[in-house]
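Data block below; observations after.
Any read-out appearing in this document is the output of simple, stated calculations on the displayed coordinates, not a laboratory observation. Model, not experiment: these values are computed from the prediction. Heads up, the Cβs are rebuilt from the backbone with ideal geometry, glycines too, and the neighbour counts pull from every protein chain shown.
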Amino acid sequence: MSVTTDIFRAWWRPRAVMQRRFAQGPDEKIAFVYLAAFSVLGFAAQIPGLVRTSRQADPAFEAEIVSEAARVGVAIPQDLTDAKFEVLFSGAVMAWIFVVPLFLYVVAFLARLVGNLFGGRGTGLRSRVALFWSSLAVTPALLLLGLTTGFVGAGPAQAIVATVTLCGFIWIWLNSLYVAEMPNV
């Protein structure tokens, strides 16, 4: 089946989806594609929230931008909204494209160690595929969370969507990790 179909099926039957993914043969290239797609979509999900944050008044943040620009010798526009967005945007790029993938590799390694302690028979590759697939599978909810953050802002709606996203990730990852650690079950 296609990845997009499996993403939606993973919310209801994560073990079946992961078993089918593993039946195709776990591959490091495929795992990296899952991770790269998750990183790009996770970054894209942040943009509405970054726009909202950049348009809100924050005197401390604005003063920091002005002082840093003066120190470096860069001209700043009168309206700091664009400058704030550029700062937030570049930080989000750094986080989602560089930091998050490294963090997920570490989490996959730790999950493999914990699985080994509990008698798991998986491999590091299977652990990475399970984590990266689970991350990719929650991107629709992550995109919804980004839209909620950007258009509605902080409040009950954002909290509900964030909770559903987190619970969905935990559900999919634990079931996928079970399949990864128990290959013959």
- Message: Restricting to the stretch 129-185, name every residue that is exposed (fewer than 14 other Cβ atoms within 10 Å of the Cβ), under 17 Å from residue 52 (Cα atoms) and in contact (Cβ under 8 Å) with a residue 40 or more places away in the chain.
- Response: 151, 153
- Query: Has the stretch 21-35 got at least one residue that is under 28 Å from residue 128 (Cβ atoms), of a type in the set (Lys, Arg) and surrounded by 14 or more Cβ atoms within 10 Å (Cβ to Cβ)?
  - Reply: yes
- Mind checking which residues of the stretch 2-18 are surrounded by 11 or more Cβ atoms within 10 Å (Cβ to Cβ) and in a loop (DSSP other than H, G, I, E, B)? 11, 13
- Item | Members of the stretch 51-64 found to be among the hydrophobic types (A, V, I, L, M, F, W, C) and in contact (Cβ under 8 Å) with a residue 60 or more places away in the chain, listed by number | 51
